[in-house]
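Presented below is the structure to which this report refers.
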Amino acid sequence: MSSSDASIQRGSSTTVECKPQYKALLFLTYQSLGYLFGDISLSPLYVYQSIFSGRLNHVQNEDAIFGAFSLIFWTLSIISLLKYVVFMLSADDNGEGGTVALYSHLCRNAKFSLLPNHQASDEELSTYRKPGYSNRNISPSSLKRFIEKHKSTKIVLLSFVLLGACMVICYGALMPAISVLSSVEGLKIEAKIKNNSMVPLISCVLLVAIFVLQHRGSHTVAFMFPPIIILWLLSIFMIGIYNVIKWNPRIYQALSPYYIYKFFSVTGKDGWTNLGGVFLCVTGTEAMFTDLGYYKQTPVRVAFSCVIYPCLILQYMGQAAFLSKNLSAVPISFYASIPDVLFWPVFVVAALAAIVASQAVISSTFSIVQQCHAFECFPRIKAIHSRRWINGQTYIPEINWILMVISLVVTVGFENTIHIGYAYGIACLIVGFVTTWLTSLVIHLVWHRSLIVAVAFLLFFGSIEVLFLSSYCMKIPNGGWLPIVLSAVFMVVMYVWHYGSRKKYFFDMHSKVSMRGILTLGPSLGIVRVPGMGLIYTELATGVPASFTHFLTNLPAFYQVVVFVCIKTLPVPSVPQAERYLIGRIGPKSYRLYRCIVRHGYKDVYSHEIDFENELVMSIAEFIQLEAEGCSGNLDGSGDGRMAVVRTSGKFGTRLRMSESAGVEESDSNNLPGALTVSSSKSPTLKKLQAMYEQESPELNNTRRRIKFEVLNTIYRDPHVKEELMELVEAKRAGVAYVIGHSHVKAKWNSSFVKKFAVNLYSFLRKNCRSPAVGLNIPQTCLIKVGMNYHV
């Protein structure tokens with residue numbers, strides 16, 4: 001074949017490969033229009049109304065209208081386009097965005113975490129660092145050393161992150177209220193509604209429907225989200241062009257920043273006081289970054305730059321052109337600028353777009369709460385990740401109903417979008433301000449740019465946000481107090497939970513049993529070893545927890561195989577399934593003590609899978625074999641012994657034979673060829689009791705798979721391996737019990753008043769939120785609780 005033919009063939013193959021990439025890009029861009037940009041695309045409903053409220057309500061000046069549009073244009077261009085699309089989307093954490101993702105990125109590159117549960121093996125994860133990136137050969141900056149050295153700076157950094165997360169929760173409650181209320185306000189024009197309470201009442205009905213739809217699952221109508229938002233964008237785009245052509249084509253002159261000067265010349269101090277209304281044009285921009293994990297950077301950039309930005313600019317330009325000739329229509333500027341023949345179609349589309357945008361924002365709030373919970377900064381909640389919801393999204397029932405109550409109270413209490421806009425704007429502005437500070441740290445500590453570059457980024461965008469914040473300070477008595485109060489409540493709860501969890505962890509660390517004490521007891525541990533497998537849940541990644549010895553002190557008997565299970569969240573978005581289980585041994589082989597560290601990322605939803613027991617048995621069997629072969633994979637230098645990521649082994653799943661079993665107790669006569677017989681160590685009485693109990697609990701039979709393990713009849717180089725595998729299978733067949741601590745946390749008698757308040761509040765939250773067994777989805781029939789008193 002000639003070189004020209006080869007080049008033609010390579011060119012055609014490249015074209016074929018590019019087509020699926022372009023299709024995927026277009027599809028993700030199409031999806032992002034429905035899930036990311038609904039909020040910001042609804043801002044034209046209330047921006048001009050908020051700017052010209054209060055003392056500017058009766059401004060009869062074309063320069064003021066032109067100046068307001070100029071402010072909107074440059075705010076959208078600098079904050080949304082330059083800050084987020086150009087810079088922020090590049091500050092992702094393995095594709096994830098948001099305040100928690102930025103904090104995770106920092107913790108992964110510096111010792112900023114307040115919980116000392118880091119292990120060397122954590123850094124070996126494939127998702128821990130970006131491919132080809134390493135900072136081991138880069139000398140740490142003085143700022144990094146300063147933060148790592150002083151605990152107070154770490155607390156300030158965490159508090160700053162929690163402030164941003166609290167404002168996101170407020171944002172999730174206020175956005176549905178202002179969007180729905182502003183979309184329904186159009187009825188005042190066409191339907192001539194005189195009763196002021198009618199519009200809030202209709203809005204409340206729609207809000208209840210929105211949150212009920214979240215509860216029922218929005219997957220059945222999710223395919224309609226992008227078309228609705230696209231139809232809305234097309235509507236405001238065409239209306240904007242129509243208004244520019246019909247009312248004032250000279251509006252393009254307002255693109256000049258000179259009209260900003262003229263705006264403040266006309267309005268004076270009142271213009272600065274109402275500057276917060278301008279910031280409402282960029283509310284929703286943070287969603288681009290927060291929900292980045294569901295999409296990719298390129299589709300989001302394409303969607304905003306090519307669709308959202310032009311549509312919004314033309315819509316705001318059209319409204320300004322209309323208002324320049326109809327100054328009295330400022331309070332109802334959006335609906336008043338719509339041609340009469342298009343009013344009802346646009347009204348219906350606006351209401352539908354408000355519902356779609358609210359769904360996306362509420363889901364984003366669930367995600368941030370779940371991430372805070374993963375970092376021990378939020379009380380235990382039930383996070384559901386099911387096929388009933390959109391792929392990758394989380395549903396939290398408690399947060400859903402809390403947001404609904406807040407939205408209803410705000411809608412009924414304020415009754416107008418202006419005061420809600422003050423509260424909404426402050427929440428969004430503080431989230432953006434926190435993001436700016438964290439990004440400047442990422443620029444310096446993660447990207448290793450000079451401190452001058454990081455400070456320049458902070459000063460440029462931070463000064464603009466401080467300017468808007470100074471304006472909002474004047475609006476605190478008129479509704480701006482709401483997000484401050486709500487965030488203060490959430491902040492206290494979140495920080496107290498993290499503080500209590502940290503104190504409890506340190507207490508466990510200091511109370512854990514020494515290995516010397518375990519070794520002196522001998523293989524029987526000085527107790528009666530009964531058939532079965534005991535899974536002891538602990539937060540410690542090393543050592544033996546005090547709850548284990550506390551249990552043995554009161555009941556000197558335990559199972560023949562003991563596994564200490566630690567569920568650990570790493571500062572990564574997600575941990576691959578193959579790297580999730582870290583298996584090791586505690587003490588000599590004859591003790592039959594193992595450790596399993598289940599590693600998750602902050603975006604992973606931990607659900608105690610039905611097959612967890614089976615996967616655990618297979619992982620321990622693989623570890624036994626790898627240990628005997630002397631190739632135990634990724635090692636961790638903990639004092640307990642070697643830890644291995646066993647699922648990365650090429651032979652994983654082949655050490656034991658696994659088959660489905662339909663009976664209550666597996667029959668030894670049904671062994672597969674080539675497998676060794678392992679008889680059950682349960683007595684006939686225990687078998688009969690188990691059968692009777694499972695007949696009384698049919699739901700247990702319907703949800704739990706029955707797996708039969710058998711040891712392969714092969715020749716082992718070490719005969720002790722075969723013995724240990726058979727004992728493991730026998731223990732699994734005898735039954736698995738879950739042992740968790742039932743903690744009672746109290747403050748020491750000589751503690752300060754503030755510490756007593758924090759510890760008592762933490763204890764109250766532990767008693768009244770979901771128990772660990774519910775959060776881990778542990779079967780109640782196999783659960784053993786061990787009471788422990790903590791004096792911290």
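The values are calculated or read from the model by the stated rules, or taken from the named source; none is laboratory data. All values derive from a computational prediction rather than experimental measurement. Note that each Cβ is placed from the backbone with ideal geometry, even for glycine, and that neighbours are counted across all protein chains shown. All accessible areas refer to the heavy atoms of the entire protein, side chains included, with ligands and DNA or RNA removed. Shrake-Rupley method; radii C 1.70, N 1.55, O 1.52, S 1.80 Å.
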May I ask you to give the average projected area over all directions of the convex hull of the Cα atoms of region 76-118, in nm² rounded to one decimal?
-> 3.5
Over region 556-623 - Rg/Rh using Cα atoms and the Kirkwood inverse-distance radius = 1.01
Determine the sum of side-chain charges near THR285: Lys and Arg each +1, Asp and Glu each -1, restricted to other residues whose C-beta is under 11 angstrom from that of THR285.
-> -1
Distance histogram for region 214-311 (every C-alpha pair counted, 5 angstrom bins, percent rounded to whole numbers) = 2, 9, 11, 17, 18, 16, 12, 7, 5, 3, 0
Can you run phi through the Karplus equation (6.51, -1.76, 1.60; θ = phi - 60°) for region 360-375 and list ³J(HN,Hα) in whole Hz, with x for Gly and Pro?
-> 5, 5, 5, 4, 5, 5, 4, 5, 5, 5, 5, 5, 5, 4, 5, 8
Positive end of the charge dipole of region 234-385 (Lys, Arg +1 and Asp, Glu -1 on Cβ, about the Cα centre): tell me which of VAL356, ILE239, THR298 has its Cα farthest that way.
-> ILE239
Under a no-solvent Debye model with one identical scatterer per Cα of region 383-537, what's log10 I(q)/I(0) at q = 0.15, 0.20 Å⁻¹?
-> -1.09, -1.25
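Taking the mean number of other Cβ atoms within 10 Å as a proxy for protection, how do you rank 37-43, 405-411 from highest to lowest?
On the way: 37-43: 26.4, 405-411: 20.1.
My ranking of the peptides, most packed first, is 37-43, 405-411.
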Could I have the simple spin-label model distance between LYS746 and LYS589, label points 7 Å from Cα toward Cβ, reported in nm to one decimal?
-> 4.7
Treating the beta-carbon of each Lys and Arg as +1 and of each Asp and Glu as -1, no other charges, what is the dipole magnitude of region 54-137 about its Cα centre, to the nearest 20 debye?
-> 220
Which residue, chosen from ALA747, TYR716, ALA734, occupies the Cα position most advanced towards the positive end of the dipole of region 704-754, where the dipole is computed from +1 (Lys, Arg) and -1 (Asp, Glu) charges on Cβ about the Cα centre?
-> ALA747
With the other protein chains left in place, how much accessible area per residue, in square angstrom, belongs to region 27-102 at a 1.4 angstrom probe?
-> 24
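Highest mean first, how do 58-71, 159-172 rank when packing is the count of other Cβ atoms within 10 Å averaged over residues?
Values: 58-71: 21.9, 159-172: 24.8.
Per-residue Cβ counts within 10 Å, averaged per peptide and sorted highest first, yield 159-172, 58-71.
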For region 750-792, with all protein chains present and a 1.4 Å probe, just round the carbon and sulfur fraction of the accessible area to a whole percent.
-> 57
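Hull surface divided by four, with the convex hull built on the Cα atoms of region 252-384: how many nm²? Please list the in-between numbers first.
Values: hull surface 48.9 nm².
Across all orientations, region 252-384 yields a mean hull projection of 12.2 nm².
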Using a simple charge model, +1 on the beta-carbon of Lys and Arg, -1 on the beta-carbon of Asp and Glu, nothing else, what dipole does region 336-430 show about its Cα centre, in debye to the nearest 20?
-> 400
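Relative contact order (percent) for region 478-628, with alpha-carbon contacts under 8 angstrom and 6 or more residues of separation? Could you put the intermediate results ahead of the total?
Details: 183 pairs, mean separation 28.6, N = 151.
19 percent.
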Before anything else, pin down the relative contact order of region 149-283: Cα pairs under 8 Å, at least 6 apart, normalised by residue count, whole percent.
-> 13
Could you rank the peptides 430-440, 473-483, 589-599, 779-789 by their average count of other C-beta atoms within 10 Å per residue, with the highest value first?
-> 430-440, 589-599, 473-483, 779-789
Around VAL598: net Lys/Arg minus Asp/Glu count, Cβ-Cβ under 9 Å | +3
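Given 25 °C and 0.890 mPa s, how large is the Stokes-Einstein diffusion coefficient of region 471-528 in µm²/s, with Rh as the Kirkwood radius over Cα pairs?
Working: Rh = 15.9 Å.
Answer from the Stokes-Einstein relation: 154 µm²/s.
Working out 0.36 nm times the residue gap between ILE155 and ILE189, then minus their Cα-Cα distance, what length gain in nm do you get to one decimal? Let's see the in-between values first.
Values: separation 34, 0.36 × 34 = 12.24 nm, distance 5.17 nm.
Result: 7.1 nm gained on full extension.
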If you rank TRP247, TRP344 by how much accessible surface each has, with a 1.4 Å probe, what is the order from largest down?
-> TRP344, TRP247
If the cut-off is 22 Å between C-alpha atoms, which lysines fall inside it for LYS23, apart from same-chain ones fewer than 8 positions away?
-> LYS296
Express the relative contact order of region 431-513 as a whole percentage, based on alpha carbon pairs under 8 Å and six or more residues apart in sequence.
-> 20
So how far apart, in nm, are the two label points at THR549 and LEU783 if each is 7 Å from Cα heading toward Cβ?
-> 2.8
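Using the Cα centre of region 556-607 as the reference point, and only Cβ charges (+1 on K/R, -1 on D/E), how large is the resulting charge dipole? Debye, rounded to the nearest 20.
Values: 8 positive and 2 negative charges, 34 e Å.
Roughly 160 debye for region 556-607.
Can you pull the percent of region 18-101's accessible area that's carbon plus sulfur, 1.4 Å probe, other chains left in place?
Details: 1710 of 2730 Å².
Using a 1.4 Å probe with all protein chains present, region 18-101 comes out at 63 percent carbon and sulfur.
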Taking a straight Cα-to-Cα line shorter than 24 Å from LYS188, and setting aside same-chain lysines fewer than 8 residues away, one finds LYS325
Which entries of LYS503/LYS746; LYS151/LYS755; LYS83/LYS144; LYS111/LYS503 show an alpha-carbon separation above 22 angstrom in the structure shown?
-> LYS83/LYS144
